[in-house]
Structures are given as structure tokens and as C-alpha cells.
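Asks: Supplied in C-alpha cells, the structure appears directly below.
Nothing in this text is a laboratory measurement; each read-out follows from the coordinates by a stated rule. Quick caveat: nothing in here was measured; it's all calculated off a predicted structure. Here the Cβ positions follow ideal geometry from the backbone for every residue, glycine too, while neighbour counts run over all protein chains shown.
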């Protein structure tokens, strides 16, 4: 199904100017404004293991925590348990695993990206 995008204004204060943006996909579910910040981080650091392969097969990591639909925007939100699991591994800095980052140092989650992810999770849990 082709996704449509529409925009509406909601209040957020930026230098005394009220402006915000809410994006709708399929005119029903809200796409978080965090998505453009969060998806590249998850794609860079998590997708090699936590996304199904092109043939649809899932490795062990993707069976335990699957980001396939979220990163393809077929699923616009993660569930509460998924957010809790993600929050736990980000806080413990246990993902991506150290042996993986030795071979793929670009997959490390920087402190600033960790902060972005934790702020996003906090926002998502509140909604």
C-alpha cells in the first residue's frame, strides 16, 4: 500500500515561535518526529543483525529483537517490551557486542547517539 504523508502544526516553542510538525502515514498512524534521528542510528548499529535478510529469513538476533518492520516504516512504533529491551542494552552499552564492534567499529553507538536513543525511548514510553 502506498504511503501518503500529510503535515499539521502543533505547538513547540523555538525561540519564542510556536512551530511543530506531525507526519501521518496512511492517514492513520503518526510517524514520530524522532524517526529521522533514530532510524539512521539503529540502521547503522543494529540492522546487520536485527533485520531479516532479503529472503525474509531471520538470524538468531532478529528472532530475539526484530527491527525489520520498524526500519522499513511498516511498523511505526516499537512495543513497550521492545522499548524496554532497547533501553536496557543502550544503558548497559551491551549492544552491539564488543567482538562485533572490533570488526565493525563504525557500528559503535556514540555517547551523543545513545542520548538521542534514550530521549526517544523516554518520549515513546510516555505516549
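Asks: Applying the selection to the range 102-118, what residues are within 14 Å of residue 41 (Cβ to Cβ) and free of Cβ contacts under 8 Å to residues at least 40 places away in the same chain?
Replies: If the condition is that a residue be within 14 Å of residue 41 (Cβ to Cβ) and free of Cβ contacts under 8 Å to residues at least 40 places away in the same chain, then 110, 111, 112, 114, 115, 118 are the ones that fit.
Asks: Of the conditions (1) part of a helix (DSSP H, G or I); (2) crowded, with 16+ Cβ neighbours inside 10 Å, residue 109 clears all except one; give me its number.
Replies: (1)
Asks: Can you find a residue in the range 51-74 that is buried (at least 17 other Cβ atoms within 10 Å of the Cβ) and touching a strand residue (DSSP E or B) at 6+ places or on another chain (Cβ under 9 Å)?
Replies: No; the residues of the range 51-74 include none that is buried (at least 17 other Cβ atoms within 10 Å of the Cβ) and touching a strand residue (DSSP E or B) at 6+ places or on another chain (Cβ under 9 Å).
Asks: Another question, then. Would you be able to tell me the number of residues in the range 36-70 that are farther than 18 Å from residue 121 by Cα and outside any helix (DSSP H, G or I)?
Replies: Of the residues in that region, 9 qualify.
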